[in-house]
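None of the figures in this text is laboratory data; all of them are computed from the coordinates on show. For clarity, every value in this text was computed on a predicted model and none was experimentally measured. Quick reminder, even Gly has a Cβ in these numbers, built from the backbone with ideal geometry, and neighbours come from all protein chains shown.
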Amino acid sequence: MIEKEITFTLNVKKQDFMTLIASPLNLPQFWMFLKDIRIINETEYIAKFKVFMNFNFKMKRVILPNQIIHEGIMDFPKAFFRFTVTLLEGRKELVVNVKGEYQGPFEFLAKSPMKSFLENFRDKVITYYEKRQQAFTVQELFKKLSEDSKDKIIMATIEFNSKPYDLVFKKGKLERVEGEDYNTFLTQILTYTGFIKLLKEEEIYEEEFNSLDELLEKLKSESENKEIVAIVEIKDKKYTVIVKNGRVIYSEIDPKYIGKIRLVEVNEK
């Protein structure tokens with residue numbers, strides 16, 4: 001078996017990073033050699049790689065308080081792959097240790113590709129967060145978000161005074177600030193003279209459901225002969241649900257959850 005590991009730091013919250021890396025759906029943008037992902041259930045998926053040859057690993061993910069593990073096997077030819085991310089919260093930064101393990105065909109040639117795989121993951125993650133953290137003046141930020149929301153609804157996550165805020169813009173205007181008093185927020189931001197970070201911007205849908213069952217029934221009814229990837233929001237946290245041919249094949253929501261759910265994004269495959 002070969003083993004390689006690297007360590008780097010990020011200026012992000014641990015839970016934000018864990019949520020990003022825990023979802024198999026996010027891995028294609030960070031994993032080199034990965035060609036496709038097929039979800040089996042909430043913890044298992046098929047990962048199709050191409051390095052020297054095609055590798056189809058049946059993977060599972062394990063989420064621990066400070067660690068995320070993606071590991072899997074291939075039956076023929078026999079192979080094993082494990083990707084482990086271990087996190088340590090520093091005073092100002094998140095320390096990320098990433099370890100790759102592989103056993104199987106072409107193992108004697110795999111040291112260099114594994115090193116490239118880990119370094120590529122590090123570089124893609126750093127670039128991902130750098131793009132999320134654009135800085136604007138108040139005037140520049142409001143101009144951008146107003147223009148971006150002329151024909152749609154967007155939610156922008158910003159940071160100023162070391163605190164994140166979720167802003168909802170609709171038809172070119174700020175409609176609301178999630179969890180904050182609208183007028184108080186405006187007074188604070190319009191008198192702010194520093195730079196504001198735009199952490200994230202995405203289109204949202206204003207459709208709310210009274211229960212998880214109500215949401216799933218809608219998604220099932222609309223998924224005939226296709227696959228729907230839905231992003232939903234519960235108490236300011238986002239979760240992924242995948243429905244195919246009227247059947248839920250992947251859900252990050254606790255099936256025992258009771259309460260309202262907001263559907264914020266829908267993608268069809």
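Which of the peptides 144-154, 175-185, 240-250 is most tightly packed, and how do the rest follow, going by the mean number of other Cβ atoms within 10 Å of each residue? Walk me through the intermediate numbers first.
On the way: 144-154: 14.8, 175-185: 12.5, 240-250: 17.5.
With the highest mean Cβ count within 10 Å placed first, the list reads 240-250, 144-154, 175-185.
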Length gained, residue 66-residue 184, 0.36 nm per residue minus C-alpha separation, equals 38.8 nm
So what does the Cα-only Debye profile of the range 1-122 read at q = 0.15 Å⁻¹, as log10 I(q)/I(0), no solvent term? -0.66
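Only loop residues by DSSP count here, and only those with at most 11 other Cβ atoms within 10 Å; note down the GluC sites (Glu not before Pro) in the range 201-267 that meet that. Show your work: numbers first, answer last.
Numbers: sites: 201, 202, 203, 206, 207, 208, 214, 217, 222, 224, 227, 233, 252, 265; in loops: 206, 222, 224, 252.
Of the GluC sites (Glu not before Pro), the ones in loops of the range 201-267 whose Cβ has at most 11 other Cβ atoms within 10 Å are 206, 224.
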Quick one: of 13/152; 58/115; 48/173; 92/238; 124/237; 78/220, which pairs are farther than 32 Å apart, Cα to Cα? 48/173; 78/220
Formal net charge of residues neighbouring residue 94 (Cβ-Cβ distance under 12 Å; K, R +1; D, E -1): +1
By per-residue mean of other Cβ atoms within 10 Å, what is the highest-first order of 156-167, 187-198? 156-167, 187-198
Starting from the exponent 0.38 and prefactor 2.2 Å, build the expected Rg for the chain from its residue count and divide its actual Cα Rg by it. 1.13
Relative to 2.2 N^0.38 Å, what does the C-alpha radius of gyration of the range 125-269 come to as a ratio? Two decimals please. 1.18
Per residue of the chain, what 222 nm ellipticity follows from adding -39500 (n - 2.57) for every DSSP H run with n ≥ 4, rounded to the nearest 500? -7000 deg cm²/dmol
Viscosity 1.567 mPa s, temperature 4 °C: Stokes-Einstein D of the range 77-130 from its Kirkwood Cα radius, in µm² per second? 101
